[in-house]
Each structure stands twice: as C-alpha cells, then as structure tokens.
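Written below as structure tokens is the structure these notes are about.
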Amino acid sequence: MDDIVPDVLDAVPAGTVQVSYAENEVSQGNELTPTQVKDTPTVQWCACEGDNLYTLLMVDPDAPSRQDPKFREILHWAVVNIKGSDITTGFPLATYVGSGPPQGTGLHRYIFLVYRQENKIEEGETIPNNVRAGRLNFSARQFAAKHGLGDPIAANYYQAQYDDYVPIRNKTMIG
C-alpha cells in the first residue's frame with residue numbers, strides 16, 4: 001500500500017477493502033489482467049459504525065502511464081450513500097469500468113477507497129460505463145474534501161497492464 005502514498009493518499013488507511021472478481025482476489029498490488037477485471041467485482045469492508053453511509057471510489061492514478069500521469073486520476077467507479085457495506089443500496093455516480101491501460105504503458109495501479117460519510121451526498125447524473133467524460137483528471141482527495149469525507153477508512157489495489165481485452169473495451173467508450 002505504501003506505493004499509493006503520496007500519489008493518491010496521504011497515509012495508508014487502517015482497513016482493507018475485500019475485492020473479488022469471479023475467481024480472482026485483489027491483494028495489495030497483485031497483478032490481474034484487464035480480461036480478469038472486466039466485470040463489476042464484489043466488494044466488502046468492515047462497516048462497524050452501525051447506520052453510517054459510505055462512499056466507494058476506484059481510481060487509476062497512472063494515466064496514460066506511471067511515468068507521465070497527466071490524466072491522474074481516472075475514475076473507474078464511484079458509489080455514494082451506501083448503507084453499511086451493501087453496495088447495492090448506494091447510488092452510482094460513475095458506473096464500473098474495468099481496466100484499460102494503453103499498450104506499452106506498463107503496469108497501472110487500480111485503487112479502491114472506502115470513506116465513511118457524515119452526511120448524505122447529493123445524487124446527480126450517473127456517468128454511464130461507456131462514457132469517458134467526467135472520468136479524466138478526477139481527484140479522490142478533492143472529492144473527499146468537497147464532501148467532507150476525511151481520510152479513507154479502507155483501501156486495496158491491484159495492478160494491470162495491457163492485454164487483448166483493452167481494444168474490445170475501448171470500442172464501447174465514447175466522449
């Protein structure tokens with residue numbers, strides 16, 4: 001987790017987000033392929049605070065590459081107002097989009113962050129999973145500050161690099 005500080009976070013959160021893709025688990029920087037992560041994962045965390053609401057973000061800080069992150073961060077998923085850890089109760093600000101690192105750009109980090117909300121977040125339009133607009137140059141720090149979320153309570157991440165699924169995914173994207 002130390003290699004996501006300071007690019008995305010100021011400190012490593014105490015908790016871990018459990019993320020599962022069919023037969024593959026996300027485990028603190030392990031490598032998965034875009035093919036393995038193309039479908040929405042199962043996500044769980046310790047929602048120990050009773051009736052709290054939570055926010056889940058997934059970002060890629062390495063766009064277009066870790067050496068030249070001029071689009072840092074790309075928003076891959078955002079769900080707010082989640083009751084406990086039941087993600088189906090939340091509102092998707094941005095629907096899930098799997099990894100799509102460009103060919104020749106090496107490993108990208110895909111970071112899951114969970115924040116405890118003090119207040120309900122206003123629900124706007126959802127960014128569909130085929131739309132790029134609103135996803136580039138996202139900042140988890142700025143989003144957290146805007147909504148008074150503080151530091152994340154849990155995180156996890158995997159790394160992925162280009163595979164043959166990326167051009168298939170990219171054909172569906174607009175904007």
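Values quoted throughout were computed directly from the atomic coordinates according to the rules given, and no laboratory measurement underlies them. Just so we're clear, the structure is a prediction, and the values are computed from it rather than from any experiment. Positions of Cβ are generated from backbone atoms using ideal geometry, with glycine treated the same way; all protein chains shown enter the neighbour counts.
Some points to look at:
- Restricting the GluC sites (Glu not before Pro) of the range 1-106 to loop positions (DSSP other than H, G, I, E, B) with no more than 13 neighbouring Cβ atoms within 10 Å leaves Glu23, Glu49.
- Oblate is the label for the range 1-70, because the ratio a/c of its alpha-carbon gyration tensor axes (a ≥ b ≥ c) is 1.5 or higher and a/b is not greater than b/c.
- Computed over the chain: relative contact order in percent, which uses C-alpha pairs under 8 Å that are six or more apart: 29
- Counting lysine pairs in the chain whose alpha carbons fall under 28 angstrom apart, excluding pairs fewer than 8 residues apart on the same chain, gives 8.
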